[in-house]
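The structure appears below as structure tokens.
No lab work stands behind these numbers, since they all come straight from the coordinates. Predicted model only: the values in this text are computed from it and were never measured. A quick note on method: Cβ atoms are made from the backbone with ideal geometry, for glycine too, and the neighbour counts reach across all protein chains shown.
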Amino acid sequence: MAIDPYAPIFVISVAAELAEMHPQTLRQYDRLGLVSPSRQSGRQRRYSQHDVELLREVQRLSKDGVSLEGIRRILELENQVAALRSRVAELEREVDDARRLGGDARRIFAAGMAGDVVTLTRGQRPERSGALVVWRPRPQHDPF
């Protein structure tokens, strides 16, 4: 049975040892929002394997001369990229499902002001909210 990499199982002393850092450094990173462990009753920090890997990445970037604010921004952007990749994969599955079911696979996606993505059917218009509509032309061989 594999351990969930996001399970909060390590106390701060163990996480610090695994990340080869001082526990005070982990507390500082938590205060700065670089690595945010789970909290147990009594406000005790619990770190996951993912948190330990993230601590190692912070340490590597710091040794490469990146400031803590730069590291925070890098981690933030990496999280955004991961979320966007997940959303793209979700939309690709949706399109694949529509094709497999024989429906009209030509879809229009509207992006809202908050970055949300809405699937529209053919001929449907997005609500007037400043949304951006992405249009893809039909292939040349399609007579319709």
Residue (of 58, 33, 22) at the positive-pole extreme of the range 1-104, dipole from beta-carbon charges: 22
For the range 22-29, in order, what is each residue's ³J(HN,Hα) by Karplus, 6.51 cos²θ - 1.76 cosθ + 1.60 with θ = phi - 60°, in whole Hz (x at glycine and Pro)? 7, x, 5, 5, 5, 5, 5, 4
Can you sort 18, 77, 26 so the residue with the fewest Cβ neighbours within 10 Å comes first? 77, 18, 26
Could you give the dipole magnitude of the range 1-104 about its Cα centre, charging the beta-carbon of Lys and Arg +1 and that of Asp and Glu -1, in debye to the nearest 20? 480 debye
Take residue 28 and residue 14, extend 7 Å from each Cα along the Cα→Cβ direction, and tell me the distance between the two endpoints in nm. 2.5 nm
Per 10 Å bin, what is the whole-percent P(r) computed from every C-alpha pair distance within the range 7-95? 17, 42, 26, 12, 3
If you filter the range 1-71 for chymotrypsin sites (Phe, Trp or Tyr not before Pro), then keep DSSP loop positions with at most 16 other Cβ within 10 Å, what is left? 6
